[in-house]
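The values are calculated or read from the model by the stated rules, or taken from the named source; none is laboratory data. These figures come from a predicted structure and were not determined experimentally. With ideal geometry, Cβ positions are generated from the backbone for all residues, glycine too; neighbour counts draw on all protein chains shown. Accessible surface is based on the protein model in full, side chains and every heavy atom, while ligands, DNA and RNA are left aside. Shrake-Rupley method; radii C 1.70, N 1.55, O 1.52, S 1.80 Å.
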Amino acid sequence: MEEDQLEKFVVAYLKKKGFKQAEHAFQEELQQHQSKNNSSSSISTNSITDPDFAKHLLSFSELENVPARYQDGYSKLRSWTYSSLDLYKHELLRVLYPVFIHCFMDLVVKGHIQEARTFFNSFREDHEMMHSRDLQKLEGVLSPSHLEEMEFAHSLRHSKVKIKICQYSYELLLQYLHKTQLTIMLGIINEHINFQVSPGQPILISDDAEVVTLIGSSQDEATQINQKEIQWGLLEDSLEERLEKSGVLLSDSEKAEGETKEGELDENKKRSVEGGKQGTSTKKLKKDKAASATGKTGRSEANAVITAPRVKPELALPVISTEVEKSILEDLRNRVQLSSVSLPSVNFYTFINTHNGLNCSSISHDGSLVAGGFSDSSLKVWDMAKLGQEAVGSVLQGENDTTSSEHVLGSNGGKRSYTLFQGHSGPVYSATFSPLGDFLLSSSADSTVRLWSTTMNANLVCYKGHNYPVWDVQFSPLGHYFASASHDRTARIWSMDRIQPLRIMAGHLSDVDCVQWHVNCNYIATGSSDKTVRLWDVQSGECVRIFIGHRSMVLSLAMSSDGRYMASGDEDGAIMMWDLSSGRCVTPLMGHTSCVWSLAFSCEGSLLASGSADCTVKLWDVTASTKVPRTEENKSGNTNRLRSLRTLPTKSSPVYALRFSRRNLLFAAGVLSKSV
């Protein structure tokens with residue numbers, strides 16, 4: 001092979017791969033050798049004219065120019081992977097997805113658009129279950145310019161996938177690629193995959209939660225960040241603490257000792273909890289009650305300190321009025337103590353006639369108001385008291401077709417049964433009520449968040465700051481402050497009296513799909529399409545925890561009442577319980593077969609409710625879930641059945657929202673879906 005021809009191949013290869021510095025250095029080296037002695041043989045000439053290297057480079061250059069080679073090479077790699085031994089198959093299968101998307105993007109970059117679409121459609125079903133959201137984004141790529149403009153594709157092209165694999169699986173893969181001369185596949189793997197090879201046997205499928213991080217934080221970065229100290233306790237001088245100190249409110253532990261372990265949780269029981277405690281108390285409780293009031297108060301404080309330390313607020317918190325304090329006190333005094341043998345009553349609100357237009361739902365803290373956000377940019381609020389007067393029941397007419405929905409008849413003539421809020425110019429994706437129910441926030445595809453008054457039925461403020469659709473918005477537990485999550489990969493902290501965000505949390509590598517406040521208002525948690533959950537300090541705006549373990553986008557979050565634990569639900573139906581102090585997963589909760597759209601802890605934190613697109617509400621025993629060690633879990637096999645207390649199926653309604661009231665009544669909302 002001629003030396004000049006080979007040099008051209010080398011330069012062409014470096015240009016195609018974008019190695020500008022290497023190309024520049026190579027050309028400078030050639031010029032130096034030519035200027036010294038054109039006839040003499042140099043080290044670089046000898047190495048370049050090696051016949052095996054020349055043949056390999058020429059074949060690579062020829063292969064790159066044939067689009068069909070991508071489909072043929074990936075097809076062969078796929079067939080070999082699926083026919084591998086079961087012991088190593090699940091490790092080798094991890095390689096297919098990054099190779100698939102980079103083959104597609106390489107074809108697009110080279111201008112082979114039609115071949116890229118054919119390749120994409122031929123193999124997309126293999127990855128639909130695990131990576132449907134990513135595939136939907138890449139589906140819209142129709143030209144090389146789209147790849148440059150799309151942030152998601154740009155991050156993929158300029159980052160490496162981290163894959164854990166055992167030594168033997170790694171050697172099997174390399175041997176196959178070299179033996180079959182799948183040069184394009186080998187080049188993609190070398191350029192875009194970073195293997196973390198471990199000695200010994202392959203990782204078990206059951207422990208496969210962190211094997212692939214396509215886009216997101218590496219475990220090393222997460223470990224470093226998770227060493228930061230956080231204050232996960234409750235706010236000092238909170239309303240509950242003041243009530244406990246005054247002796248008016250009994251602690252949860254005292255309630256648990258004094259309550260019966262059986263019986264239905266109806267309204268009559270809720271109103272007679274105090275009497276029930278006295279009638280069914282144990283000898284120990286009777287002895288305690290004989291002590292002075294000061295002694296009882298001391299016990300309550302001790303229990304509160306043990307279960308959750310007290311922390312100072314980092315934000316200037318709003319002042320609670322006396323009337324509101326009395327209302328909350330009444331709810332707390334009538335709160336039902338829940339446990340694994342004392343499950344909550346559930347009130348389910350069903351939207352009908354929505355024609356697939358309902359995107360989100362929200363329930364006020366006392367369950368009296370229900371909001372729905374629709375694709376036609378409208379926001380509708382139903383008052384349950386008025387529905388009861390009209391004898392409509394708990395069925396919500398939410399039709400976006402004005403031929404019937406705007407004329408839902410009640411006893412008051414032609415008036416509709418809901419309050420219509422109009423102002424957004426795009427689909428409404430999230431809504432949240434303030435703690436008192438007097439305000440309502442909504443977020444939309446128009447990249448804005450709007451504040452509405454439920455008493456005046458009017459739009460008060462339009463908050464602009466995000467540049468892309470806002471997927472979620474949540475009021476803080478005490479109101480006034482709220483957080484938003486957006487497609488622009490940021491979360492933002494706002495206050496009702498300012499139109500500009502107070503903090504911007506940036507760090508996720510894909511959409512921030514959900515956001516949730518910590519109970520002490522000092523932190524917010526965000527779930528993302530990059531399959532991670534992050535915890536942020538609202539005062540500094542810094543990320544203080546990264547939680548890695550989900551295999552798909554995180555859609556829902558919930559914080560326990562003591563602030564120690566967090567639950568997150570993903571697109572695959574998996575729920576993970578996290579310890580905020582350590583940043584580790586306490587236990588996964590498996591059982592749902594589709595997206596987990598909503599999570600809620602009971603007021604005392606003993607139960608977790610989850611609502612899913614599989615049309616079920618599940619109740620989980622948090623106490624058992626957080627106390628079972630991994631060693632016992634492995635010995636006993638699948639302990640999720642023990643943790644799952646009950647599954648409540650709906651007729652045909654995916655569950656959009658869950659809410660525990662202060663009295664521990666569980667409210668849920670969903671839409672009647674004929675297609676389910």
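Among the residues of the stretch 405-422, none qualifies, meaning not one is crowded, with 23+ Cβ neighbours inside 10 Å, at pLDDT 90 or above and within 20 Å of the chain's Cα centre (by Cα). Of all residues in the stretch 504-524, none are out of contact with any Leu (no Cβ under 7 Å at 6 or more places or on another chain), β-branched (V, I, T) and farther than 28 Å from L156 by Cβ.
If you go through the stretch 555-585, how many residues are within 14 Å of L599 (Cα to Cα) and in a strand (DSSP E or B)?
15
In the stretch 519-532, the residues that are of a type in the set (K, R) reach residues that are open to solvent by less than 10 Å² (accessible area, probe 1.4 Å) and assigned to a strand (DSSP E or B) with C-beta atoms within less than 9 angstrom, at least six apart or across chains, in these pairs: K531/V554; K531/D570.
Can you tell me how many residues in the stretch 79-93 are open to solvent by 70 Å² or more (accessible area, probe 1.4 Å) and assigned to a helix (DSSP H, G or I)?
Going residue by residue through the stretch 79-93, those that are open to solvent by 70 Å² or more (accessible area, probe 1.4 Å) are 82-83, 85-87.
Imposing the further condition that a residue be assigned to a helix (DSSP H, G or I) reduces the set to 82, 86-87.
Final tally of qualifying residues: 3.
Applying a threshold of 6 Å to beta carbon distances and a minimum spacing of six or more residues, or different chains, the list of pairs starting in the stretch 75-91 at a residue that is closer than 19 Å to K164 by Cα and ending at one that is open to solvent by 40 Å² or more (accessible area, probe 1.4 Å) and of a type in the set (A, V, I, L, M) reads T81/L93; H90/I205.
For (1) free of Cβ contacts under 8 Å to residues at least 12 places away in the same chain; (2) assigned to a loop (DSSP other than H, G, I, E, B); (3) over 19 Å from L317 (Cβ atoms); (4) charged (D, E, K, R), each residue gets a yes or a no:
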position: G426; (1), (2), (3), (4): no, yes, yes, no
position: Y429; (1), (2), (3), (4): no, no, yes, no
position: L440; (1), (2), (3), (4): no, no, yes, no
position: M456; (1), (2), (3), (4): yes, yes, yes, no
position: Y468; (1), (2), (3), (4): no, yes, yes, no
position: S484; (1), (2), (3), (4): no, no, yes, no
position: I493; (1), (2), (3), (4): no, no, no, no
position: P501; (1), (2), (3), (4): no, yes, no, no
position: M505; (1), (2), (3), (4): no, no, yes, no
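V141 fulfils the conditions (1) of a type in the set (A, V, I, L, M); (2) within 27 Å of the chain's Cα centre (by Cα); (3) surrounded by fewer than 18 Cβ atoms within 10 Å (Cβ to Cβ) except for a single criterion, (3).
Which of the helices (runs of 4 or more DSSP H) contained wholly in the stretch 108-158 include at least 1 residues that are among the aromatic types (F, W, Y)? Can you show your working first?
Working: elements: 113-123, 128-139, 144-149, 151-157.
In the stretch 108-158, the matching helices (runs of 4 or more DSSP H) lie at 113-123, 151-157.
Tallying residues that are open to solvent by 50 Å² or more (accessible area, probe 1.4 Å), at pLDDT 60 or above and part of a loop (DSSP other than H, G, I, E, B) within the stretch 187-231 yields 7.
For (1) assigned to a loop (DSSP other than H, G, I, E, B); (2) at pLDDT 80 or above, each residue gets a yes or a no:
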residue	(1), (2)
L317	yes, no
D331	no, no
V370	no, yes
V392	yes, no
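Taking the criterion of being modelled with pLDDT of 70 or more and among the charged types (D, E, K, R), the residues of the stretch 5-28 that qualify are E7, K8, E23, E28. Just wondering, is there one or more residues in the stretch 562-569 that are in contact (Cβ under 8 Å) with a residue 60 or more places away in the chain and within 17 Å of A222 (Cβ to Cβ)? No, the stretch 562-569 has no match at all.
Count of the stretch 158-185 residues, restricted to those that are closer than 11 Å to V95 by Cα and among the β-branched types (V, I, T), is 3. The residue that is nearest to S644 (Cα to Cα), counting only those in the stretch 331-343 that are open to solvent by less than 40 Å² (accessible area, probe 1.4 Å) and either touching a Phe, Trp or Tyr at 6+ places or on another chain (Cβ under 7 Å) or among the charged types (D, E, K, R) (or both), is R335.
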